[in-house]
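Note sheet for the following structure.
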Amino acid sequence: QVQLVESGGGLVQAGGSLRLSCVASRSIFSIGVMGWYRQAPGKQRELVAYVTSSGSTSYADSVKGRFTVSRDNAKNTLYLQMSSLKPEDTAVYYCNAFEDLINSWGQGTQVTVSS
């Protein structure tokens with residue numbers, strides 16, 4: 001298992017941008033899939049985006065064209081660049097690592113988008 005710590009959340013106006021970071025406690029080079037999930041109040045946690053160890057990415061339809069997920073293996077860090085933010089993007093964002101059939105989660109970082 002790997003420990004994950006997110007940062008970069010905050011309050012932003014609609015149309016603004018934020019970059020989330022997720023630092024891992026060890027090398028992420030061998031981690032097959034790393035991604036971002038989010039959970040809004042009263043809703044289930046949902047997948048936002050993920051990136052594989054080979055660099056392939058996938059996005060939820062609701063964020064395509066606005067969010068970009070990336071990983072820097074040298075820095076053991078996962079990123080989520082969020083642009084053109086909307087009030088409906090308001091949620092707690094969680095970093096996830098899936099390795100050897102084990103899911104590891106960060107503690108989450110709050111993103112609030114005001115209209």
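Structure data summary
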item	result
Single match in ARG45, ARG38 (criterion: of a type in the set (D, E, K, R), without any contact (Cβ under 8 Å) to a residue 60 or more places away in the chain and surrounded by 14 or more Cβ atoms within 10 Å (Cβ to Cβ))	ARG45
Among the residues listed as PHE29, PHE67, the single one being touching a helix residue (DSSP H, G or I) at 6+ places or on another chain (Cβ under 9 Å) and at pLDDT below 95	PHE29
Pair list, Cβ under 9 Å, 6 or more apart: the range 15-34 residue farther than 11 Å from LEU78 by Cβ, other residue at pLDDT below 95 and of a type in the set (D, E, K, R)	SER30/GLU99; GLY32/GLU99; GLY32/ASP100
Lone unmet requirement of (1) surrounded by 14 or more Cβ atoms within 10 Å (Cβ to Cβ); (2) out of contact with any Lys or Arg (no Cβ under 8 Å at 6 or more places or on another chain) for LYS75	(1)
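Yes/no per residue for (1) closer than 30 Å to SER115 by Cβ; (2) not in a strand (DSSP E or B):
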{"residue": "SER21", "(1), (2)": "yes, no"}
{"residue": "ILE28", "(1), (2)": "no, yes"}
{"residue": "GLN44", "(1), (2)": "yes, yes"}
{"residue": "CYS95", "(1), (2)": "yes, no"}
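The values are calculated or read from the model by the stated rules, or taken from the named source; none is laboratory data. Everything numeric here is computed off the predicted structure, so don't read it as measured data. Glycine also receives a Cβ, built like all others from the backbone with ideal geometry; neighbour counts cover every protein chain displayed.
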